[in-house]
1. How many residues are in a loop (DSSP other than H, G, I, E, B), touching a residue at least 60 places away in the same chain (Cβ under 8 Å) and touching a helix residue (DSSP H, G or I) at 6+ places or on another chain (Cβ under 7 Å) when one looks only at the stretch 42-70?
2. Please specify each residue of the stretch 3-35 satisfying the condition of being closer than 20 Å to residue 65 by Cα and in contact with a Pro (Cβ under 8 Å, 6 or more places away or on another chain).
3. Using beta carbons and a limit of 6 Å, which pairs, at least six apart or on different chains, have the first residue in the stretch 201-223 and within 18 Å of residue 158 (Cα to Cα) and the second one of a type in the set (Ser, Thr, Tyr)?
4. Please go through the stretch 214-238 and give me each residue that is hydroxyl-bearing (Ser, Thr, Tyr), part of a helix (DSSP H, G or I) and farther than 22 Å from residue 19 by Cβ, ordered by number.
5. When you scan the stretch 41-73, how many residues do you find that are over 20 Å from residue 206 (Cα atoms), surrounded by fewer than 19 Cβ atoms within 10 Å (Cβ to Cβ), modelled with pLDDT of 95 or more and of a type in the set (A, V, I, L, M)?
6. Go through the stretch 7-41 and count every residue that is assigned to a loop (DSSP other than H, G, I, E, B), in contact with a Phe, Trp or Tyr (Cβ under 8 Å, 6 or more places away or on another chain) and touching a residue at least 60 places away in the same chain (Cβ under 8 Å).
Amino acid sequence: MATKRLALLLCDTPIPAVQATDGDYSAIFHELLQKSLPNPSAPFVLDSFDVKNKMEYPDDVDKYDGILMTGSAASAYENLEWINKLVAFTASVAETKPNVKLIGICFGHQIISRALGKDCVPNGGTWEVGPTKLDLTETGKQVFGVDTLNIEQMHRDHVPEVPSGCHLLASTPVSYNQGYVRYATSKTTPSLEDIQIFTVQGHPEFTKRIVDSIVDARASTGAIDKVTADDARTRSTWRNDGVEVIGKAIWRVLGVDA
């Protein structure tokens, strides 16, 4: 079985409390990918690139099966050198490398959306935090293989519109665009392997422990208001489909199935 090679673009570092228990985003995403492997014996390599602090990028994009983009405390619409470079890199891969999968998580979803011509904007100061039920579209049900889906959330920016040529996966009352796919084929009935771009606004890599730590930290500084924090805590034990559903879907997009 051929080894899958993935590039992880690190768009931030976790807060100290999360790093103390779960490590950096390289470790957190490796854990998600390892736990969600449909075939436990399928080999993969995850190479990390610090695009925020070092503006590192793969020398040879073609040697990777997929490129994953992490979340970030930054806003995807900020006019910063590292963000502008990331948007330009993403646009280039999206348009010139149809065989390389682009997978965006939260901030990564927003960056891919910008690269495809849509705006990321503040959501009126409204946070979406903790385990959240998504209303799946028919495409979403096909991609995820379920009728209902919960995902951990941690954002107050969003992308109101779905990029041209992409298919919406899910919505919530807070954020209409909860992710989408773009196929690299014009087939009438494309498969998951035909997906070139896959994004979700939520965080499949986040666990209850990680979200609890972030909620406590941001509530203590007032970044998240008490009502939002308390509401997230009441839902903290809800089912989290990050590994069993979303992680497995990512692997199917990458061509790995049971």
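The values are calculated or read from the model by the stated rules, or taken from the named source; none is laboratory data. Worth saying up front: this structure is predicted, and the values here are computed from it rather than measured. Please note: Cβ atoms are built from the backbone with ideal geometry, for glycine as well, and neighbour counts cover all protein chains shown.
1. 1
2. Passing the criteria: 3, 4, 7, 25, 28, 32.
3. Within 6 Å, the pairs are 201/175.
4. Listed by number, the residues that qualify are 228, 234.
5. Going through the stretch 41-73 one residue at a time, the tally reaches 3.
6. Summing the residues that are assigned to a loop (DSSP other than H, G, I, E, B), in contact with a Phe, Trp or Tyr (Cβ under 8 Å, 6 or more places away or on another chain) and touching a residue at least 60 places away in the same chain (Cβ under 8 Å) in the stretch 7-41 gives 5.
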